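Trainee: Quick one: the structure is below, questions incoming.
Bear in mind these aren't lab numbers, they're just calculated from the coordinates by the rules spelled out. Since the model is a prediction, treat every value here as computed from it, not as a measurement. Backbone-built Cβ (ideal geometry, glycine too); neighbour counts: all protein chains shown.
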Amino acid sequence: MPAPPPSMFRTKFRFATELEPDLLYTPHDLFNDYSFMKSTTAFDYDVIIIGGGPAGLSAALVLGRSRRRVLVCDGGKPRNAASHGLHNFITREGILPTELLRLARAELAEYDVEIRREEVVDVEIWKKGFRVCTADDGWLTSRKLLLATGVRDAIPEIERIGEMYGISVHHCPYCDGWEHRDGPIAVYGRGKHGLGMALSMKTWSNDVILCTDGPAKLGKKERERLARHGIAIREEKVARLEGENGLLERIVFTEGEPLARSALFFNTGQEQSCTIPSKLKCRLTGKGSIWVDGSECTSIPGLYVAGDASRDAQFVIVAAAEGTRAAVAINTVMQAEERK
Ligand SMILES: Cc1cc2nc3c(=O)[nH]c(=O)nc-3n(C[C@H](O)[C@H](O)[C@H](O)COP(=O)(O)OP(=O)(O)OC[C@H]3O[C@@H](n4cnc5c(N)ncnc54)[C@H](O)[C@@H]3O)c2cc1C
C-alpha cells in the first residue's frame, strides 16, 4: 500500500507520525478519497469547532455530511444545564438539554467527526488557518475555525437562588413563562432591563411585581408606565429566596414584608463564555456579541461564529440553525479554495 498523503494524517490518529503508515488507514479512509481536498499546508482537521452545544453539533453534522474532517472540542458546560426541560424546539418539547446533546452526538457517529471533552485554552491564526491549544492535548491545526462557545449568564447573587434556578427562577420568558402563566411573578432587574422584563412578563401573567434590590434607577415616566400596567416596584434589598424543592414561595427583603411569589425572572446580563473572541480581536456588536456577516463569518477571514455567542436571538433552535448556516458557508469557501 502506498504511503498515505498528508491529509490522511489527521483526526483519529493525532500521533500519526509515530505509527506504521499502513496503520494510518481507517476503514473510513479506504472508502473515501480525500485527495481532491488537499491544500498546500497539511492541517490536522478541515474544521475545528470550539463548543459542542446545539450550534457546534449542528455545524458538525453538516460538515461531516460534507465529507470534512471535523474536531469538536467541548468544555461540557452548556448554558442551559440548569434547565429541567427545553421548550420552543419543535418535536422536542420538554426534552432534557443533556438528552438533546446525547441524541445529537449519537447522530454524528456515522461521520468523520471527532468529539473531545476538553477546553480550548488558546487559539492563534496559523498559516492561512488556525492553531488551537487544548487543555490536554496541546496544539492542533485546522483550515477553518468555528466558535460555538455560547455565553454565560450573570445570575443574581441571592441566597438560595441556585437551588431554584431552572425550576422556578428563570431568565427567559419564552423558554419558561408558559409554565408560570397566571401565577404571581417577580421580575428581578434594574433600570431599562428590569423595566423591559417586567412589561414583557405581563404577557404571561397579570400579577407581576418588579424587585430592583436597591434603587430602581427608573425615571418618573418609566415608573408611571409600570403603574399604568399594574406593576408595583419593590426597591428594598433582597435578603434571600424561600421555598421547598426548588419551588419559590417568597422573597425576603432586608426590611419590609416578604413577598409571596411562585416564580422569579431576572434580567441581569451575560458575557461571552470564553476569552477566545477577545484574544483574536473579533469585532463585537454594541450588545457584546460577536459581529458576523450574513454567513456567520466574523471580521477575521476563516473564523466563524454560531449560536448564542453571536447575535441576540438566543434559542436552541436558532443556535442549531446558525450552526448549519456557518457550516454551509465554511464548506462553500473551502470548495472555492479547492477548485480555483
Ligand atoms: C436555564 C436556561 C434555560 C434555557 N431554556 C431554553 C429553552 O427552553 N429553549 C431554548 O430554545 N433555549 C433555552 N435556553 C437558551 C439555550 O440554552 C441557548 O440558546 C443554547 O444553549 C445556545 O447554544 P450554543 O451552542 O450557542 O451554546 P451552549 O449550549 O452554551 O454551548 C456552548 C458550549 O461551548 C463550550 N465551550 C465554551 N468555551 C469553550 C472552550 N474554550 N473550549 C471548549 N468548549 C467551550 C461550553 O462548555 C458549552 O458546552 C436556556 C438557557 C438557560 C440558561
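Trainee: Starting with the fewest neighbours, write out Thr203, Thr149 ranked by other beta-carbon atoms found within 10 Å of each beta-carbon. It would help to have the intermediate numbers written out before the result.
Mentor: On the way: Thr203 11, Thr149 31.
Ranked by crowding around the Cβ, least crowded first: Thr203, Thr149.
Trainee: Considering the chain, which cysteines have no disulfide-compatible partner, defined as another cysteine with its Cβ under 4.7 Å away?
Mentor: Cys73, Cys133, Cys211, Cys274, Cys282, Cys297
Trainee: Here is a further query. Identify which of Leu218, Leu61, Leu96 has the largest mean-square fluctuation in a Gaussian network model of the chain, with springs joining Cα atoms closer than 10 Å.
Mentor: Among Leu218, Leu61, Leu96, the largest GNM mean-square fluctuation belongs to Leu218.
Trainee: Oh, and also: Under a GNM of the chain (C-alpha, springs under 10 Å), which listed residue has the highest mean-square fluctuation: Ala104, Ala59, Ala148?
Mentor: Result: Ala104 has the largest fluctuation of those listed.
Trainee: How many lysine pairs are close in the stretch 187-249, with Cα atoms under 17 Å apart and the two 8 or more places apart or on different chains?
Mentor: Close lysine pairs found across the stretch 187-249: 5.
Trainee: Zone of Leu247 (label point 7 Å along Cα→Cβ, backbone N under 19 Å): which residues in the stretch 71-104?
Mentor: 83-85
Trainee: What longest region of the chain stays clear of GluC sites (Glu not before Pro) that DSSP places outside H, G, I, E and B and that have at most 12 other Cβ atoms within 10 Å?
Mentor: Of all site-free stretches, the longest is 158-254.
Trainee: In whole Å, how far is the Cα centre of the stretch 119-170 from that of the stretch 305-340?
Mentor: The two parts, judged by their Cα centres, are 17 Å apart.
Trainee: Can you give the local net charge around Ala326? Use residues other than it whose beta-carbon is closer than 12 angstrom to its beta-carbon, Lys and Arg +1, Asp and Glu -1.
Mentor: Here the count lands on 0.
Trainee: Hey, another quick one. With both partners inside the stretch 39-165, how many of the DSSP beta bridges are antiparallel, as a percent to the nearest 5?
Mentor: 50
Trainee: If you place +1 on the Cβ of every Lys and Arg, -1 on the Cβ of every Asp and Glu, and leave all else neutral, what size is the dipole of the chain about its Cα centre, to the nearest 20 Debye?
Mentor: 1280
Trainee: OK, next. How would Ser205, Ser58 line up from fewest to most surrounding beta-carbon atoms within 10 angstrom?
Mentor: Final ranking by Cβ density, sparse to dense: Ser205, Ser58.
Trainee: Along the Cα→Cβ direction, 7 angstrom out, place labels at Glu118 and Glu224. What is the inter-label distance in nm?
Mentor: Placing both labels 7 Å along Cα→Cβ, they lie 6.2 nm apart.
Trainee: With everything on Cα atoms, drop me the angle between helix 54-65 and the longest principal axis of the chain, reported from 0 to 90° to the nearest 10.
Mentor: Between helix and principal axis, roughly 20 degrees.
Trainee: Here's something else I'd like to know. Can you list which of the trypsin sites (Lys or Arg not before Pro) found in the stretch 226-265 are DSSP loop residues with at most 16 other C-beta atoms within 10 Å?
Mentor: Lys237
Trainee: On a 0 to 90 degree scale, rounded to 10, what angle separates helix 191-201 from the longest Cα axis of the chain?
Mentor: 90
Trainee: Right, next: Return His193, His84, His170 ranked ascending by Cβ neighbour count within 10 Å, so the fewest neighbours appear first. The partial results should precede the final answer.
Mentor: On the way: His193 16, His84 13, His170 22.
Fewest to most other Cβ atoms nearby, the residues stand as His84, His193, His170.
Trainee: Using a cut-off of 26 Å between alpha-carbon atoms, which lysines can reach Lys281, once sequence neighbours fewer than 8 places away in the same chain are excluded?
Mentor: Lys77, Lys127, Lys128, Lys144
Trainee: I would also like to ask the following. Over the stretch 60-162, what relative contact order in percent results from Cα pairs under 8 Å that are six or more residues apart?
Mentor: The normalised contact order for the stretch 60-162 reaches 25 percent.
Trainee: Further question: Which distance in nm do the two modelled labels at Arg160 and Arg181 give, with both placed 7 Å along the Cα-to-Cβ direction?
Mentor: Distance between label points: 2.9 nm.
Trainee: Given Cβ point charges of +1 (Lys, Arg) and -1 (Asp, Glu) and nothing else, what value in debye, to the nearest 20, does the dipole of the stretch 119-207 about its Cα centre take?
Mentor: About 660 debye.
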